[in-house]
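Chemist: This structure is in structure tokens; I'll ask about it shortly.
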Amino acid sequence: MGVGSWELRLFRVPPTVAIGASALLVALVTTTAIAWRASRSTIDAGFWWDDAAPFLLSQGDAIKISGPLTADELTRIQRVSRGEVEHAYKDLRITVSDHRRAFWRVSVVGEPITVNRNRTTYPFSMAGESHVFGPLGGFGSVGFQILAHNAIEYAPTGASRAEIIDGIGRGIGRAAVHEFAHQALGTDNLSHIDGRSDDQSYEHRSADRPAQYYGDLRWTTAWPVLDEKFGKR
């Protein structure tokens, strides 16, 4: 080979290495594209009540408030719950819709949400849960019956039935706010939410508290991250 010429050598790459590298590249490009889009556009948060679920109080709770919920009261609860979610995210580029294929999704289900791990169902239920996939979105649910029960239990002395109805709506909406925060925070969700230090916050890990249903809540540790990612600028 003469002086100044170039030598090109071809190396065979094992198929598994090539496939793995391609998958990694696709994941990296997808993640970057989603992050770029999220930094500039409005994100859709789908919130709805499960069509198939009967939203009924337990027999004991119905007795405590002098009867089962009426259709008008359930409509009021649904309206109040949505208002809570919209209020919590009004200063961010997050639009609350009823889209069931939204980027983040939270549904209200009638039955308690049970914990299942390693094929075992544990004997307690949760007010809400989420599956978080970071730049790929997330989905979750909140349980009507347990939240309604707590609203009745924590009702202030002398509270009217109408005030308790609104308390149920607030509790459900605020539980959804908490689940959406898990999904929106993505990989940051464990660091900035589920604390116990401020029971007047959306971030508090438990719905078993009066402030979930009565009075006002505020953002604390999660807000700086949410505002950085989704603030209106």
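Chemist: Which residue out of 171, 167, 195 is farther than 26 Å from residue 100 by Cβ, out of contact with any Gly (no Cβ under 7 Å at 6 or more places or on another chain) and part of a helix (DSSP H, G or I)?
Modeler: 167
Chemist: Output the number of residues of segment 126-157 satisfying the condition of being in a strand (DSSP E or B) and either of a type in the set (A, V, I, L, M, F, W, C) or more than 14 Å from the chain's Cα centre (by Cα) (or both).
Modeler: 4
Chemist: Can you find, within segment 172-205, the residue that is farthest from residue 222 (Cα to Cα) among those that are of a type in the set (Gly, Ala, Ser) and touching a residue at least 60 places away in the same chain (Cβ under 8 Å)?
Modeler: Filtering first and then ranking leaves 173.
Chemist: Could you list, in sequence order, the residues of segment 81-112 that are in a loop (DSSP other than H, G, I, E, B), in contact (Cβ under 8 Å) with a residue 40 or more places away in the chain and closer than 22 Å to residue 51 by Cβ?
Modeler: Restricting attention to segment 81-112, the residues satisfying the condition of being in a loop (DSSP other than H, G, I, E, B) are 89-91, 93, 98-103, 110-112.
Right, trim to in contact (Cβ under 8 Å) with a residue 40 or more places away in the chain and you get 89, 91, 93, 98-103, 110-111.
98, 99, 100, 101, 102, 103, 110, 111 - these are the residues of segment 81-112 that are in a loop (DSSP other than H, G, I, E, B), in contact (Cβ under 8 Å) with a residue 40 or more places away in the chain and closer than 22 Å to residue 51 by Cβ.
Chemist: Check residue 187 against each of (1) in a helix (DSSP H, G or I); (2) more than 29 Å from residue 103 (Cβ to Cβ); (3) of a type outside the set (A, V, I, L, M) and name the one condition it does not meet.
Modeler: Exception for residue 187: condition (2).
Chemist: Filtering segment 54-68 down to residues that are over 20 Å from residue 160 (Cβ atoms) and out of contact with any Leu (no Cβ under 8 Å at 6 or more places or on another chain), which residue is modelled with the highest pLDDT? Walk me through it before giving the result.
Modeler: Applying the first criterion (over 20 Å from residue 160 (Cβ atoms)) to segment 54-68 yields 54-56, 58-59.
Still in the running and out of contact with any Leu (no Cβ under 8 Å at 6 or more places or on another chain): 54, 58-59.
Details: 54: 87, 58: 93, 59: 96.
Among those that are over 20 Å from residue 160 (Cβ atoms) and out of contact with any Leu (no Cβ under 8 Å at 6 or more places or on another chain), it is 59.
Chemist: Can you name the residue in segment 198-229 that is small (Gly, Ala, Ser) and out of contact with any Gly (no Cβ under 9 Å at 6 or more places or on another chain) and is also surrounded by the fewest Cβ atoms within 10 Å (Cβ to Cβ) among such residues? Quick ask: steps written out before the conclusion?
Modeler: Here is the first cut: in segment 198-229, the residues small (Gly, Ala, Ser) are 201, 206-207, 211, 215, 222.
From the residues that got through so far, the ones that are out of contact with any Gly (no Cβ under 9 Å at 6 or more places or on another chain) too are 206, 211, 215, 222.
Values: 206: 13, 211: 19, 215: 11, 222: 23.
Result: 215.
The values are calculated or read from the model by the stated rules, or taken from the named source; none is laboratory data. Because the structure is a prediction, the values reported are computed rather than measured. All Cβ positions, even for glycine, are placed from backbone atoms using ideal geometry, and neighbour counts span all protein chains on display.
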